[in-house]
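Below is one structure, written out as structure tokens, with a few remarks after it.
Where a number appears in this text, it was derived from the coordinates with a stated rule and is not lab data. In this text the structure is predicted, and so the values were computed from the model without any measurement. Every residue, glycine among them, receives a Cβ derived from its backbone with ideal geometry; neighbour counts consider all protein chains shown.
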Amino acid sequence: MKKSNISYLFALAAICISVVFAGESSAKDQKDASFPDWYCSLDSDQELQKAIKMNNSGDPTGAFKVLSSCAEKGSAGAMLLLALQYDKGQGTPKDLGKALLWLRKGYDSLRKRAKLTSDQDYLQGMEAGKQKNYVLAKQKFDASASKGFPDAMFQLAKMSALGMGVPKDGEKAFETLRGAVLELGKHFESLKDDAQQKACNCTLRVLYGALEMYSLDGHEPIREFSEDMLKPDGILVKGQYLKSFKRPTPQCVYISEGDISSDTGVLKCVIHGALPK
């Protein structure tokens, strides 16, 4: 199995795999057990995707075996999904301790990839924790967590798991840590969106260049853009003004508004818009 590859997340043409990991439980349990699509697209490894398909086709036990192997080899996505299986008892006996263990490992793996800042409340909470002032630490971590800082949620989960200033509660620790993971997911989704926007902007610049070369080659300037121009027999590809064309995402479709042969017209993507001025 290839090692987890973070470039898969940020590749300009990266697309989240649309799958939901749910077990053989009721509709409510499936909803409770499901995670965002990015959970299943953290790693491009074929074995991980095989496990997801096995679970979705009604074989959580088989999925558990494959996920266990992937998680041991470092797949963050497998670690998180394995934690879910242990928590829900899907494909394996329910084991909250192991669920917390794998969720913690998955969080740690993701946290190393993320470039996050810490706020003042979190820093003050850490200082209070060092002094064993757990009441103040919890207050500060609660304040930080309310603003969406996953590290603060992690510390709150740790306090619940170990009973540091609060009643020891493994279930609460798991749910709090899962919240931290989901906040990290928002961070990765944001990075992915930014990467796709940049890729689309690059594509627009390439298209503008191809249109300009077409005009400089003695042809009448193109006033209205058509997607047909991007087909193999289209004027831009067939005329070799574009060697080939690859969309940043399948949803990227290009249109023109106004006369693009003049300054009044603009070429744009229906998803990401026009180039910034």
Debye, to nearest 20: dipole size of the range 197-274, +1 on Lys, Arg Cβ, -1 on Asp, Glu Cβ: 500 debye
Lys/Arg +1, Asp/Glu -1 at C-beta; the range 135-241 dipole; positive extreme among Cys202, Pro221, Ser190: Ser190
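With a Förster radius of 51 Å, plug the Cβ-Cβ distance of Val253 and Ser118 into 1/(1 + (r/R0)^6) and report the FRET value to the nearest 0.05.
On the way: r = 41 Å, r/R0 = 0.80.
Here the calculated transfer efficiency is 0.80.
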Set of the range 224-264 residues, backbone N closer than 14 Å to the point 7 Å along the Cα-Cβ line of Ser215: 224-225, 257-264
Sorted peptide list for 64-70, 206-212, 223-229, criterion being average Cβ within 10 angstrom, highest first: 64-70, 206-212, 223-229
Whichever aspartates and glutamates have a C-alpha closer than 15 Å to that of Lys158, once near sequence neighbours (fewer than 8 apart) are set aside: Asp108, Asp142, Asp169, Glu171, Glu175
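More than 15 angstrom separation, counting every C-alpha pair in the range 121-171; what % is that? Present the calculation step by step, with values, prior to reporting the outcome.
Working: 437 of 1275 pairs.
That fraction is 34 percent.
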Peptides 131-141, 147-157 ordered by average Cβ neighbours within 10 Å, highest first: 147-157, 131-141
Debye log10 I(q)/I(0) for the range 83-220, one point scatterer per Cα, at q = 0.09, 0.14 Å⁻¹: -0.41, -0.71
Kirkwood Rh (inverse of mean 1/r, distinct Cα pairs), the range 137-277, angstrom: 18.7 Å
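Pop out the Kirkwood hydrodynamic radius of the range 44-109 from its pairwise C-alpha distances, inverse of mean 1/r, in Å to one decimal.
Details: mean 1/r = 0.0892 Å⁻¹.
That comes to 11.2 Å for the range 44-109.
Applying 1/(1 + (r/R0)^6) with R0 = 45 Å to the Cβ-Cβ distance of Ser244 and Asp169, what FRET efficiency is obtained, to the nearest 0.05?
On the way: r = 56 Å, r/R0 = 1.26.
It comes to 0.20.
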Placed amide H near Leu242: partners under 5 Å, 5+ positions off or other chain: Val237
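What is the percent of Cα-Cα separations in the range 197-274 that go past 18 Å?
In whole percent, the long-distance tail amounts to 35.
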Relative packing of 195-204, 118-127, 81-90, which averages over residues the other C-beta atoms within 10 Å, highest first: 81-90, 195-204, 118-127
